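Notes to accompany the following structure.
The values are calculated or read from the model by the stated rules, or taken from the named source; none is laboratory data. Owing to the predicted nature of the structure, the values given are computational and were not obtained by experimental measurement. Cβ sites come from the backbone with ideal geometry, for glycine too, and all protein chains shown count toward neighbours. These area figures cover heavy atoms from the full protein model, side chains too; ligands, DNA and RNA do not enter into them. Shrake-Rupley method; radii C 1.70, N 1.55, O 1.52, S 1.80 Å.
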Amino acid sequence: EKGDFVVGAALVNNDAMLLVAGENGLGKRTKFDEYRLQSRGGKGVITMKTTERTGGVAGALTVRDGDELMLITNKGKMVRTRVAEIRETGRNAQGVKLIDMRESEILSGIAPVVANEEDEPAEGEV
């Protein structure tokens, strides 16, 4: 529709979930099987109703419980969080608070944390 645009794309995986975050710091994890398939000419499925409370959609990612992600604001604040700490909700829910926001601050992006060898425990370490 006029005024619509793509914010993100996620790879559907049966053992993962879709995480969507709003500009006002709310987000949610939803199982992929809550989304119906679209046929040719379909207009999509609403994943987050954008309201004054949620703001626009800041990003969407395919995530698993063991993943971590970075939340990044327009003021330069970066918060690292575990995906497992974000409550699983249905597709129709507005979401839960992911990050505390100050006045005039918005969530501008989310990104997966990619572990490097230094972050991984050495063999025999816990």
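Regarding the stretch 106-117, can at least one residue be identified that is over 17 Å from G66 (Cβ atoms), among the hydroxyl-bearing types (S, T, Y) and at pLDDT 90 or above? Looking for residues that are over 17 Å from G66 (Cβ atoms), among the hydroxyl-bearing types (S, T, Y) and at pLDDT 90 or above, one finds at least one in the stretch 106-117, hence yes. For the stretch 49-65, filtered to residues that are of a type in the set (D, E, K, R) and in contact (Cβ under 8 Å) with a residue 40 or more places away in the chain, the residue that is least open to solvent (accessible area, probe 1.4 Å) is R64. For the stretch 41-76, taking the residues that are farther than 27 Å from D15 by Cβ and among the small types (G, A, S), the one that is modelled with the lowest pLDDT is identified as G41.
Filtering the stretch 68-106 down to residues that are in contact with a strand residue (DSSP E or B) (Cβ under 7 Å, 6 or more places away or on another chain) and open to solvent by 100 Å² or more (accessible area, probe 1.4 Å), which residue is farthest from F32 (Cα to Cα)? The qualifying residue farthest from F32 (Cα to Cα) is M78.
Only a single item in (1) free of Cβ contacts under 8 Å to residues at least 40 places away in the same chain; (2) touching a Phe, Trp or Tyr at 6+ places or on another chain (Cβ under 8 Å) is not met by S39, and it is number (2).
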